[in-house]
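Here's the structure, in structure tokens; my notes come after.
The values are calculated or read from the model by the stated rules, or taken from the named source; none is laboratory data. Keep in mind that this is a model prediction, so the values were computed, not measured. Neighbour counts are summed over all protein chains in view; Cβ atoms, including those assigned to glycine, are modelled from backbone coordinates with ideal geometry. Note: accessible area is taken over every heavy atom of the protein model, side chains too, but ligands, DNA and RNA are not part of it. Shrake-Rupley method; radii C 1.70, N 1.55, O 1.52, S 1.80 Å.
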Amino acid sequence: KTDGTEAGTQMVADINPEWGDSHPAFVRAIGGTLFFSAAVEGYGKELWASDGTLAGTRMVKEIFPIATDADVNELTGLNGTLLFSAADFAHGAELWRSRGSEAETYLLKECHPNAQSSVPQGLTPFGSVVLFSAYQYYVDKEL
């Protein structure tokens, strides 16, 4: 974090000290919380949050267990809620929401049922909604 001066610039937390770079990405501030994706040994890339302190920097939820990347990305805010794309085993990459706690982080909408990912992307606040694009798959059936 920084206040714009050399003396006021410091690392908040080394969240992956034994493994190497955690590749933090998709940083988004919502209220007093900074959300981002980061990869940590044993978990893969998951959703993290920080209040700017070491004690307040934590993984929000393990979305895709068993050291597999949840591929958290496309973070955006709407009315104090984080919306983002993430993948889990049962649904693939779909639309998720979070308010910063594990209990308040969950799949918001499975845009394409089954484990085929809809891959929500381009999440963009627009007035009182968030617009995004997502894939849909069509299967021809013989009658």
remark   = Under a 1.4 Å probe, counting only protein heavy atoms, L107 has an accessible area in Å², nearest 10, of 50
ask   = Between the range 116-132 and the range 1-72, what is the C-alpha centre distance in whole Å?
value = 23
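Show me 57-63, 83-89, 121-127 ranked by packing, highest mean number of other Cβ atoms within 10 Å first. Working shown, then result.
Numbers: 57-63: 19.3, 83-89: 21.9, 121-127: 12.4.
Ranked from most to least packed, the peptides come out as 83-89, 57-63, 121-127.
Cα-based count: Lys pairs in the chain below 27 Å, eight or more positions apart or different chains? List each step's numbers first, then the result.
Numbers: K1/K45; K1/K61; K45/K61; K45/K109; K61/K109; K109/K141.
Step by step, the pairs that qualify in the chain add up to 6.
Taking 0.36 nm per intervening residue step and subtracting the Cα-Cα distance, what contour gain separates E41 from Q136 on full extension? List each step's numbers first, then the result.
On the way: separation 95, 0.36 × 95 = 34.20 nm, distance 3.28 nm.
Length gained, E41 through Q136: 30.9 nm.
Taking the mean number of other Cβ atoms within 10 Å as a proxy for protection, how do you rank 19-31, 91-103 from highest to lowest? Walk me through the numbers on the way to the answer.
Details: 19-31: 13.8, 91-103: 19.0.
Going from most to least packed, we get 91-103, 19-31.
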ask   = Ignoring any ligand, DNA or RNA, what whole percent of the accessible area of the chain comes from carbon and sulfur when the probe is 1.4 angstrom?
value = 54
task = Using only alpha carbons, build the gyration tensor for the chain and give me the equivalent ellipsoid semi-axes, biggest first, whole Å.
result = 30, 18, 12
note = For the chain, dividing by residue count, accessible area per residue (probe 1.4 Å) in Å² works out to 61
